[in-house]
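To keep things clear, I will list the structure first and then write my remarks on it.
The values are calculated or read from the model by the stated rules, or taken from the named source; none is laboratory data. Since the model is a prediction, treat every value here as computed from it, not as a measurement. FYI the Cβ positions are ideal-geometry reconstructions off the backbone, even for glycines, and counts take in every protein chain you see. Each accessible area value is taken on the protein alone, full model and side chains, heavy atoms only, with ligands, DNA and RNA left out. Shrake-Rupley method; radii C 1.70, N 1.55, O 1.52, S 1.80 Å.
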Amino acid sequence: MKRVRCPKCDHYIQFDETKYQEGQSLVFVCDQCKKQFSIRIGKSKLNAGNRKEEVIDEKEGTQDWGNVVAIENVFGYKQVLPLHEGDNLIGRRSKGTEVDIPIETNDPSMDRRHCILNVKRDKQGKVIYTLRDNDSITGTFVMNDLLGPKDRIRLEDGSIFTLGVTTLILRAAEEKE
């Protein structure tokens, strides 16, 4: 199954891509805002607003780099967001702001581009997670300690960090035996 995001209201629509051929165009009508839009299977298409339609493959990527779990609070619901190798820019999801890990929240104390979580392998093949603040207004806290402007801190599986009033938990990738 794949998901496509409405370019007007950002609502997700799910569909079975196996029923369609590569290069075929599909037209959707959003359940939320009733906007009609189209996508092309296997290829991205620029719409009138010059924004790429996002088609997200839920089985995408064979490499597991772990994820972050945003804990439900008054500003947002629980979310599990997958990580990728390299720098993962984490922030409040906002139309027009590019981030790798967009957290859907109304938390006014979380920046749109709040912090960066770097994911890489060391020489022994172990996945290493390093967190740093991205010059956010409210700062990034790890276990209630504020990260300084140049601080880099290693995170382990289960590490808790806070952006604004939103708490995140790192879930490290499963180590392959």
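Please state, as a whole number in µm²/s, the translational diffusion coefficient that the Stokes-Einstein equation yields for the range 108-177 at 4 °C and 1.567 mPa s, with Rh defined as the Kirkwood radius across alpha carbon pairs. Write out the running numbers ahead of the final one.
On the way: Rh = 12.7 Å.
Estimated diffusion coefficient is 102 µm²/s.
At 1.4 Å probe size, put Glu98, Glu104, Glu72, Glu175 in order of accessible surface, largest to smallest. Write down the numbers at each step before the final one.
Working: Glu98 150, Glu104 60, Glu72 130, Glu175 95 Å².
Largest accessible area first, the residues go Glu98, Glu72, Glu175, Glu104.
Accessible area per residue of the chain at 1.4 Å probe, in Å²? Don't skip to the answer; put the middle values down first.
Details: 10930 Å² over 177 residues.
For the chain, the solvent-accessible area averages 62 Å² per residue.
Can you list the HN-Hα couplings for the range 81-98, worked out from phi with the Karplus curve (6.51, -1.76, 1.60; θ = phi - 60°), rounded to whole Hz and with x for Gly and Pro?
Ordered by residue, 3J(HN,Hα) equals 10, x, 9, 10, 5, x, 6, 10, 7, 10, x, 5, 5, 8, 4, x, 10, 8 Hz.
I'd like the carbon and sulfur percentage of the solvent accessible area for the range 1-44, probe radius 1.4 Å, heavy atoms only, ligands and nucleic acids excluded.
The C+S portion of the solvent-accessible surface of the range 1-44 is 41 percent.
Sorted by accessible area (1.4 Å probe), largest first, how do Arg121, Arg152, Arg5 line up?
Working: Arg121 95, Arg152 140, Arg5 20 Å².
Descending accessible area places them as Arg152, Arg121, Arg5.
Please go through the residue pairs Lys8/Lys126; Lys95/Lys150; Lys126/Lys150; Lys78/Lys120; Lys2/Lys78; Lys35/Lys78 and name each one whose alpha carbons sit more than 31 Å apart in this structure. Before the final figure, lay out the partial values.
Numbers: Lys8/Lys126 41 Å; Lys95/Lys150 29 Å; Lys126/Lys150 24 Å; Lys78/Lys120 26 Å; Lys2/Lys78 21 Å; Lys35/Lys78 27 Å.
Beyond 31 Å between Cα atoms: Lys8/Lys126.
How long are the semi-axes of the equivalent ellipsoid of the chain, taking √(5λ) for every eigenvalue λ of the Cα gyration tensor, in whole Å from largest down? It would help to have the intermediate numbers written out before the result.
Numbers: eigenvalues 200, 86, 36 Å².
Value: 32, 21, 13 Å, ordered largest first.
Could you work out what % of the accessible surface of the range 67-150 is carbon and sulfur, using a 1.4 angstrom probe and leaving DNA, RNA and ligands out of the count?
50 percent
Quick one: accessible surface of Phe141, probe radius 1.4 Å, all protein chains present, in square angstrom to the nearest 10.
Accessible area of Phe141: about 70 Å².
What are the residues whose amide H is under 5 Å from the amide H of Asn134, where those residues sit 5 or more places off or on another chain and H is modelled from the backbone?
Cys115, Ile116
Lone cysteines in the chain, going by a 4.7 Å Cβ-Cβ cut-off?
Cys115
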